[in-house]
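Structure record follows, encoded as structure tokens.
The values are calculated or read from the model by the stated rules, or taken from the named source; none is laboratory data. Every value quoted in this text rests on a predicted model; they were computed, and no experiment measured them. Cβ sites come from the backbone with ideal geometry, for glycine too, and all protein chains shown count toward neighbours.
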Amino acid sequence: MTSLDTLSRKNFRFFRNLPEQDLKQLLKYCQRHKATASSILWYEGDNDNRVGFILSGKIGIKKMTAFTDKHVIVGTYGPGSVFGELCLLTNEPRSVGAEVLEDVDLLFLTNDAFENLIASHPYLGLKLLRSLFRTTSRRLSSSYSRIASLF
């Protein structure tokens, strides 16, 4: 369990539309985590199935390139961002790695905790699912635009 002492809801898009009571319920299922710059949160291919909510700091999302066998940062996320949501939704291995670029303060929600939340608070689980799908949809649309701009 954690509190929102360090979280400004108006700056955290993902939680902005949740009523205070729903947010308090959600936080009961989250774990707080702090990590220093250069820490690896997970590697590409890991079976880690948690979503992260960034309270402060910056995360880099890395992908192994097909031709140079090196990692490239394909996205950076800062305070108010959600990351790692696909593995929470699919329970598949990580398609990207996550590295701490600046010291971070995070909330993590594991797949098991998410399933418990859904069982205990189905309406809140539905709201969370919709928000995660919106986030994923926006990122996918942005990726399509970036790919199209290359041609």
**Prompt:** With respect to SER143, is the statement that it is within 26 Å of ARG16 (Cβ to Cβ) and polar (S, T, N, Q) true?
**Reply:** yes
**Item:** Which listed residue, of ARG139, ARG146, is charged (D, E, K, R) and surrounded by 14 or more Cβ atoms within 10 Å (Cβ to Cβ)
**Value:** ARG139
**Prompt:** Which condition number does ALA119 fail, the rest of (1) aliphatic (A, V, I, L, M); (2) part of a helix (DSSP H, G or I); (3) touching a residue at least 60 places away in the same chain (Cβ under 8 Å) being met?
**Reply:** (3)
**Message:** For the range 108-151, which positions are modelled with pLDDT of 85 or more and among the basic types (Lys, Arg)?
**Reply:** LYS127, ARG130
**Qualifying residue in the range 83-102 (condition: within 14 Å of TYR43 (Cα to Cα), without any contact (Cβ under 8 Å) to a residue 12 or more places away in the chain and within 16 Å of the chain's Cα centre (by Cα))** = yes
**Message:** I'd like to verify a number: residues in the range 79-93 that are crowded, with 19+ Cβ neighbours inside 10 Å and either small (Gly, Ala, Ser) or in contact with a Cys (Cβ under 7 Å, 6 or more places away or on another chain) (or both), how many?
**Reply:** 2
**Item:** Filtered residues of the range 54-87 (kept if in a loop (DSSP other than H, G, I, E, B) and either touching a strand residue (DSSP E or B) at 6+ places or on another chain (Cβ under 8 Å) or at pLDDT 90 or above (or both))
**Value:** THR65, LYS70, GLY78, PRO79, GLY80, SER81, GLY84
**Item:** Filtered residue count, the range 45-60, keeping only those that are closer than 23 Å to PHE133 by Cβ and either surrounded by fewer than 19 Cβ atoms within 10 Å (Cβ to Cβ) or of a type outside the set (Val, Ile, Thr) (or both)
**Value:** 8
**Request:** Return a yes/no flag: does the range 126-135 have any residue that is of a type in the set (Lys, Arg), surrounded by 11 or more Cβ atoms within 10 Å (Cβ to Cβ), touching a residue at least 40 places away in the same chain (Cβ under 8 Å) and not in a helix (DSSP H, G or I).
**Result:** no
**Prompt:** Which of the following residues is surrounded by fewer than 13 Cβ atoms within 10 Å (Cβ to Cβ) and without any contact (Cβ under 8 Å) to a residue 40 or more places away in the chain: THR65, THR76?
**Reply:** THR65
**Complete:** Taking the range 134-151 and keeping only residues that are over 18 Å from LYS63 (Cβ atoms) and of a type in the set (Phe, Trp, Tyr), one is left with PHE151
**Request:** Provide a single number: the residues in the range 12-54 that are closer than 16 Å to GLY125 by Cα and in contact with an Asp or Glu (Cβ under 6 Å, 6 or more places away or on another chain).
**Result:** 1
